[in-house]
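Peer 1: Have a look at this one before I ask anything.
The values are calculated or read from the model by the stated rules, or taken from the named source; none is laboratory data. What you see is a predicted model; the values in this text were computed from it and never measured. In case anyone asks, the SASA skips ligands and DNA or RNA and just uses the protein heavy atoms, side chains included. Shrake-Rupley method; radii C 1.70, N 1.55, O 1.52, S 1.80 Å.
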Amino acid sequence: MIGRSYEIRVVGSLGPAAREAFTDVAVEVEPTATVLCGDVDQVRLHALLDRVRACGLELMVIMQVLFQSSG
(Lines give C-alpha, C1' and ligand atoms only; values in the text may rest on other atoms or scores of the structure.)
Protein backbone atom coordinates (compact mmCIF):
# COMPACT_ATOMS: atom_id res chain seq x y z
CA MET A 1 0.00 0.00 0.00
CA ILE A 2 1.30 3.47 -0.88
CA GLY A 3 0.97 6.11 1.82
CA ARG A 4 1.20 9.86 1.40
CA SER A 5 3.07 12.20 3.60
CA TYR A 6 3.34 15.94 3.03
CA GLU A 7 5.97 18.49 3.91
CA ILE A 8 4.76 22.06 4.12
CA ARG A 9 7.58 24.60 4.32
CA VAL A 10 6.86 28.13 5.61
CA VAL A 11 9.11 31.16 6.02
CA GLY A 12 10.67 31.76 9.44
CA SER A 13 10.04 30.23 12.86
CA LEU A 14 6.68 29.55 14.45
CA GLY A 15 5.77 31.36 17.63
CA PRO A 16 3.98 29.64 20.52
CA ALA A 17 0.46 30.34 19.18
CA ALA A 18 1.30 29.00 15.73
CA ARG A 19 2.94 25.90 17.23
CA GLU A 20 -0.30 25.23 19.14
CA ALA A 21 -2.16 25.21 15.81
CA PHE A 22 0.02 22.39 14.47
CA THR A 23 0.18 19.87 17.30
CA ASP A 24 -1.09 17.12 14.97
CA VAL A 25 1.99 17.22 12.71
CA ALA A 26 5.75 17.20 13.23
CA VAL A 27 7.31 20.67 13.36
CA GLU A 28 10.97 20.98 12.33
CA VAL A 29 12.62 24.39 12.69
CA GLU A 30 15.41 25.22 10.27
CA PRO A 31 17.52 28.41 10.17
CA THR A 32 15.24 30.27 7.74
CA ALA A 33 12.11 28.12 7.59
CA THR A 34 9.81 25.77 9.46
CA VAL A 35 8.74 22.43 8.01
CA LEU A 36 5.40 20.86 8.95
CA CYS A 37 5.36 17.10 8.23
CA GLY A 38 2.55 14.59 8.48
CA ASP A 39 0.71 11.67 6.95
CA VAL A 40 -2.52 13.27 5.76
CA ASP A 41 -5.26 12.71 3.24
CA GLN A 42 -6.54 15.48 0.96
CA VAL A 43 -9.10 16.74 3.47
CA ARG A 44 -6.49 17.08 6.24
CA LEU A 45 -4.01 18.64 3.81
CA HIS A 46 -6.49 21.40 2.98
CA ALA A 47 -7.22 21.89 6.68
CA LEU A 48 -3.47 22.27 7.35
CA LEU A 49 -3.20 24.83 4.56
CA ASP A 50 -6.18 26.71 6.01
CA ARG A 51 -4.33 26.87 9.35
CA VAL A 52 -1.15 28.09 7.62
CA ARG A 53 -3.19 30.92 6.10
CA ALA A 54 -5.08 31.67 9.34
CA CYS A 55 -1.77 32.00 11.22
CA GLY A 56 -0.51 34.46 8.61
CA LEU A 57 2.41 32.21 7.63
CA GLU A 58 4.13 32.67 4.27
CA LEU A 59 4.02 29.42 2.32
CA MET A 60 7.23 28.43 0.53
CA VAL A 61 6.53 24.96 -0.84
CA ILE A 62 4.35 21.87 -0.43
CA MET A 63 5.90 18.50 -1.24
CA GLN A 64 4.24 15.12 -1.38
CA VAL A 65 6.43 12.25 -0.21
CA LEU A 66 5.33 8.76 -1.20
CA PHE A 67 6.33 5.79 0.93
CA GLN A 68 5.70 2.05 0.90
CA SER A 69 3.50 0.90 3.77
CA SER A 70 3.72 -2.63 5.14
CA GLY A 71 0.04 -2.72 6.11
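Peer 1: Out of all DSSP beta bridges in the range 8-71, what portion is antiparallel? Express it as a percent rounded to 5.
Peer 2: The antiparallel proportion sits near 100 percent.
Peer 1: Only helical DSSP H runs with n ≥ 4 go in: add -39500 (n - 2.57) per run for the chain, normalise by residue count and round the 222 nm mean residue ellipticity to 500 deg cm²/dmol.
Peer 2: -7500 deg cm²/dmol
Peer 1: Could you state the angle between the C-alpha long axis of helix 42-54 and the longest principal axis of the C-alpha atoms of the chain, as a value from 0 to 90 degrees rounded to the nearest 10?
Peer 2: Around 10 degrees separate the two axes.
Peer 1: Rounded if a/c is under 1.5, else prolate if a/b is larger than b/c, else oblate: which is the range 24-69, with a ≥ b ≥ c the root eigenvalues of its Cα gyration tensor?
Peer 2: Verdict is oblate for the range 24-69.
Peer 1: Accessible area per residue of the chain at 1.4 Å probe, in Å²?
Peer 2: Accessible area per residue, the chain: 64 Å².
Peer 1: Pairs of Cα atoms under 8 Å, at least six residues apart: use those to get the relative contact order of the chain, whole percent.
Peer 2: With pairs under 8 Å counted, the relative contact order is 51 percent.
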